Amino acid sequence: MTRFLVLLLICKIVLAPVLAQARGVGLSVRPTYRTEIRPVDDEIFEVKAIGSSAAVNYWCGIGDYAIRQLGVPRSQRIYVWKAYEKGARTVQFSLKPPPGADTTPGYSITVNRVGENMSASSAQNYCYDNFMDFGF
């Protein structure tokens, strides 16, 4: 009987994390990024973050909007037109490069530099990241 209880306890310990994820307890496997998108004019779109103001939230919002709502090709470049505005928690994007801005793609994901850009599909793919960037 003792051997059975020990085996049962070991199974519970091993299976608890798996069952917790299956039932949705703990951290979400696919965190949802929420944004509001407002056209400023025909070429500029303002993205406001709801919840997290991580850069991936803004890129996810504009990438998904560009592909699903505007119907742009997945290879279309999206540019930061107006960098992150802390008080308003907004970023403006455009499908055209901002005049005079350096549009050389960097290696970091940022919304703090005018001219930063990536393809619509790369931006939309941030909607499916497994981990949210909490800024650690």
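The values are calculated or read from the model by the stated rules, or taken from the named source; none is laboratory data. Remember, predicted model here, so these are calculated numbers, not experimental data. When we count neighbours, we look across all protein chains shown, and the Cβ atoms used for this are built from the backbone with ideal geometry, even at glycine.
For residue 62, are the conditions met, namely being in contact with a Gly (Cβ under 7 Å, 6 or more places away or on another chain) and either at pLDDT 65 or above or farther than 30 Å from residue 106 by Cβ (or both)? So residue 62 does not fit the description; no. One residue stands out in the stretch 80-104 among those that are touching a strand residue (DSSP E or B) at 6+ places or on another chain (Cβ under 6 Å) and in a loop (DSSP other than H, G, I, E, B): the one that is surrounded by the most Cβ atoms within 10 Å (Cβ to Cβ), namely 98.
Take residue 72 and decide whether it is among the hydrophobic types (A, V, I, L, M, F, W, C) and either without any contact (Cβ under 8 Å) to a residue 40 or more places away in the chain or touching a Phe, Trp or Tyr at 6+ places or on another chain (Cβ under 8 Å) (or both). Against the criterion (among the hydrophobic types (A, V, I, L, M, F, W, C) and either without any contact (Cβ under 8 Å) to a residue 40 or more places away in the chain or touching a Phe, Trp or Tyr at 6+ places or on another chain (Cβ under 8 Å) (or both)), residue 72 does not qualify.
Among the residues of the stretch 80-90, are any farther than 22 Å from residue 34 by Cβ and modelled with pLDDT of 95 or more?
As a first pass, look at the stretch 80-90 and keep what is farther than 22 Å from residue 34 by Cβ: none.
Looking through the stretch 80-90, none of the residues is farther than 22 Å from residue 34 by Cβ and modelled with pLDDT of 95 or more.
For residue 112, the conditions (1) surrounded by 14 or more Cβ atoms within 10 Å (Cβ to Cβ); (2) part of a loop (DSSP other than H, G, I, E, B) are fulfilled apart from (1). Evaluation of residue 64 against the conditions (1) touching a Lys or Arg at 6+ places or on another chain (Cβ under 9 Å); (2) within 14 Å of residue 35 (Cα to Cα); (3) among the acidic types (Asp, Glu) shows that the sole unmet condition is (1).
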